Structures are given as C-alpha cells and as structure tokens.
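Please read the structure below before turning to the comments.
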Amino acid sequence: MGFAAGPSDPFFELMRPPPDETPAQTTAREKRELDAQRVSDMIDEQLKQERAQAKKEKNVVKVLLLGQSESGKSTTLKNFRMRYAKPAWEKERHNWRSVVQLNIVRSITTVLSVVEAEMSGDAPLDSPSDEDGNPDSKELSDDNEVEARKFTDKHQLLMIRLAPLRSVEQDLKRRLGAGADPIPSTLPMSATPFDSPSLHDKPHRGINEPVVRSWKEVLDPEKPRVSQSDDSEDGLDSATLTIAGCKDDMKALWEDKTVRLALKRRKLRLPDSAGFFLNDLDRIATRTYTVNDNDVVRARLRTVGIQEHRLRFKHAPWDNPKGKETGWEWRIFDVGGCRTSRHAWLPFFDSVNAIIFLSPVSVFDQRLEEDSRVNRLEDSIILWTSICSSKLLAKTQLILFLNKCDLLRRKLKRGIKVKHYLPSYGDRPNEVIPVVKYLREKFRDIQKQNSPEHRGSYIYPTTVTDTEATAVTLESVKDGVLRENLSSSQLI
Ligand SMILES: Nc1nc2c(ncn2[C@@H]2O[C@H](COP(=O)(O)OP(=O)(O)OP(=O)(O)O)[C@@H](O)[C@H]2O)c(=O)[nH]1
Ligand SMILES: [Mg+2]
C-alpha cells in the first residue's frame, strides 16, 4: 500500500508550503524540489549500478603477473589467451608477424655491428679459454682458426647488401609504435614496488631491444595498421619484401665461421637471447610467412606500463548444471618488469586475488639490463621477498613460476657452474633437477619466513615457451586459484 502525506501525517506540517507563498516563490520551490528529486534519482541509479557491478565483480578473479623484465610474464599471458581466449587470439596472431620480423632484423643488425667493429679493428681481447664449454669453439680450434678470424671482401659485401635492413628496422619500430621509445636510462629506478624510485648513478643499456608502449594496443586486430602506405601492388609491405630479398645474405652472415667466432669472442650468445629466430630464416624470411603460436611465444616485445586482459568463461565452476549460468571472468594484469616500472605496480595490489610471480632460473650468471651492477637472480629474490612480506598482499595467493628451465638446462650442459655464482649451492650436482629443487626450497623458505600470515605454497618449474606443458600448468593454476579464493570467500 502506498503512503501519502495527509493531515494525520506528522510530516504534513513540515512539508506543507507556507500559506502566504507568492506565485514566484511557488515556482522557485517547485524547481528546488524538482532539482532535489533529480539528484536523488541520480544517486539511486548510481547505487543500483554499483550494486550490479559489485554483484558482477563477485565472479571476477584478478590476477597480476609480476617478475623482473624478461622473466616471461607476457609469454605466460600469451599462453593464457591462446588457451582460454582462442577467437581473439586467432585474430591477433597475424599481427605478431611484424614483431618476429623486427626481432630478426635486430639480431642481424647486432651481428652487423659486431662485424663492423671487428673490421675497423675494434676487437675485444680473446677469452683465453672456453670455460663455458661452448661447442662453437671446438669447431674452430683447429689450424683453420687463424684463417677463420679474417674478415674479407665477402663480409664487406654482405654488410653493403644487408644495409637496407637498418631502414626496415626503423620502419618496423615506427609501425609497432615503439622505436622512439627505448626506456630512458636516466629514469629513476626501484628494486621493489615499495621503495621510492631513485636515480641510478651509472646508467647502462645492453643490446637494443624493441620497446613498445602497449603491445595490446599495437597488436589490436581492430586497429588500423600504421605506416602501410608503401604496400606494394601484391599487398606485401616493403619490410616483408626487403626481408625476403635479404634471406640468403642473412643466412650467409649468420652461418659464417668468422662471424661466429667474433660473436663468441664478444660473448654474444644470440640463440639464448630473447626473440632469436635466425635459425628459422628459410621459413620466416619469405613473402608468404605465416606466424604460428610457437613464433608468438618466442617473439620479444617489452611491456611498458600495465595492460589488462580479460578472459571470460561462460560456465562458472559453481554453477548448478540445471540452473542459470552465472559465468566468471579472469582479469589478468601484465606489467613492465624493469626497475624503472616497478613503482607503478603498487596501485594494483589493492584488490588482486592472485599473483603469478615469474622468476627465471637460468639467469644466475646474468646481470640486469637496466642496472649492470645487479645479478638477475639476486634481483628476483629481492623482489620475491618484498612481495611475500607485504601486508597489503597478506591475503593474496602467491603462485611462483620457476621459469626458463630449458635455458637452465642448456647453460648447465655448456658447463657453466652454478656454485661460481651462487656459492651457497656448494657441491650439489650441477644438473637441472637439483638446481631447480634448491631454488624451489629457497623461494619457499623466503615465502614462509616473510609472509605476514600463513599462506599455501604453489611453485611450478616452467618453460612458458613450451605451450603444451604450460597448458597443463595453467589448468592446475586455474583450479588452485579457484579453490583458494572460494575457501577464503573472496569469490562468489
Ligand atoms: N627459452 C625460453 N624463453 C623464454 C621463456 N619464457 C620467456 N621466454 C622468452 O623471453 C623473452 C621475454 O619474455 P617476456 O614474456 O616478454 O618477458 P616479460 O617478463 O614480459 O618482460 P617485460 O615485458 O620486459 O617485463 C621472450 O622472447 C620469450 O619468448 C622460457 O621459459 N624459455
Ligand atoms: Mg612483458
């Protein structure tokens, strides 16, 4: 039954207009009342939307991918999308072609710079012995070695013939919205998202890498492609044509013994570096190159800023099979991992359900690109400790990927000794399983000792470029996140 203010209502007197109200005052009062009603309606509507949003958010799981630069965050995200957002992934895949091409051109220009330096006499001192056990050295340690060190007219000619790739590099960088944007080495850095960024006294940058502001934006299949005005008549862009035209010379350069030896002397192990495709030139440096999933997970494009990706699932695990489908959504946030970006992570810690932290296990002998004084494994440990200790994240589930197990295997096979870089490893066997086991225990102890509250330990050895194995890991992660967040009532 409705309620109308009448003479018996105690509010009637209060709400009644004054008896001596003039027509102008009536108009003004009515306008005031109308305005007040409008504001009230707006607030009601806002509350309604917030309630609906909150209801929807109940079925949302927020996952943050964290870890140092090159740890494999974006590659993990690619695996998620490949598996759980297939249609969008299929649409986007083709656009990774430019990234693969840029990776190839980058590798070639790196090699060309080495040849140029060697030819102009800017040669580094040879390493006296091959402590890494690099097979390349055995190949070249015979009487032909002296001969193999000589750069000749053949190399000069290759340099001239491959020169157009430098402008292709510029074009691809422009197309990817990137080139102009290498991370300025003068930016303040912080080891953890909780430290205040400060300036680094000796800026350093290693080999150049493609850097884009947002690969999500750049690779959006709906977005018109930039800088394609020079497309040829048969629909191929000039970068593809030039790369295809340079295929034989690129192969000749990459397979040349003198070049290999020079790269080795400079300790440049291109096959282990991010975005290496020079062994696939026959397939990729062609006019008809079609990108496959394996290429995409190996392609390297640095993330700058924070990118959000949504995965929607029609059936929520808690749905009654005979009842209404509520659905659920995974919101995955991918961040730039270098020390200049970490302060930007903090605002995302507030409402996150789970963090997938990637720590590459193969980097025990490497230094950070943005700060060459810092060992990469040490950086990862500092970062992991800070995440585990955070009170803000006390209730957030932590999942650790000990990544790049394949590269660890290759490194150990070359004879690189973990104990030289990690003395606490002692005389344990220099093999993948014991090394991963050791690191797993160390990371688990750090979590145990530093977490403000008890939390479960979820640690997976991974090689996220292996999409089949990663699919199995992701299923397990999905189940684990669901279980943990249901039990702590953060979900549904
Ligand atoms: N061999 C090998 N390469 C990997 C693995 N995980 C990632 N990579 C490669 O390492 C490079 C860097 O990976 P990303 O996923 O871009 O690294 P990220 O953590 O997103 O780096 P930022 O965006 O700079 O923070 C890419 O070329 C990947 O293909 C792995 O397990 N094994
Ligand atoms: Mg990334």
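The values are calculated or read from the model by the stated rules, or taken from the named source; none is laboratory data. Not measured: the values here are computed from a predicted model. Neighbour counts are summed over all protein chains in view; Cβ atoms, including those assigned to glycine, are modelled from backbone coordinates with ideal geometry.
Here are the numbers for this structure:
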read-out: Test: residue in region 297-312 that is away from ligand 2 (no atom under 14 Å from the Cβ) and polar (S, T, N, Q); value: no
read-out: Test result for W328, buried (at least 17 other Cβ atoms within 10 Å of the Cβ) and more than 10 Å from ligand 1 (Cβ to nearest atom); value: yes
read-out: Lone qualifier among L346, L383 - being in the same structural domain as T473 (by TED's automatic domain parsing) and surrounded by fewer than 18 Cβ atoms within 10 Å (Cβ to Cβ); value: L346
read-out: Qualifying residue in region 435-458 (condition: among the aromatic types (F, W, Y), within 16 Å of ligand 2 (Cβ to nearest atom) and outside any helix (DSSP H, G or I)); value: no
read-out: Boolean, L157 is outside any loop (DSSP other than H, G, I, E, B), modelled with pLDDT of 85 or more and exposed (fewer than 13 other Cβ atoms within 10 Å of the Cβ); value: yes
read-out: Residues (in a loop (DSSP other than H, G, I, E, B) and of a type in the set (A, V, I, L, M)) located in region 267-323; value: L268, A274, A285, V291, A299, L301, V304, A316
read-out: Residues of region 360-401 that turn out to be outside any loop (DSSP other than H, G, I, E, B) and farther than 23 Å from R483 by Cβ, as a count; value: 17
read-out: Out of R367, R373, R312, sole residue that is modelled with pLDDT under 95, surrounded by fewer than 23 Cβ atoms within 10 Å (Cβ to Cβ), in the same structural domain as E441 (by TED's automatic domain parsing) and more than 20 Å from the chain's Cα centre (by Cα); value: R373
read-out: Selection from region 358-393 of residues that are without any contact (Cβ under 8 Å) to a residue 60 or more places away in the chain and over 30 Å from G415 (Cβ atoms); value: L392, L393
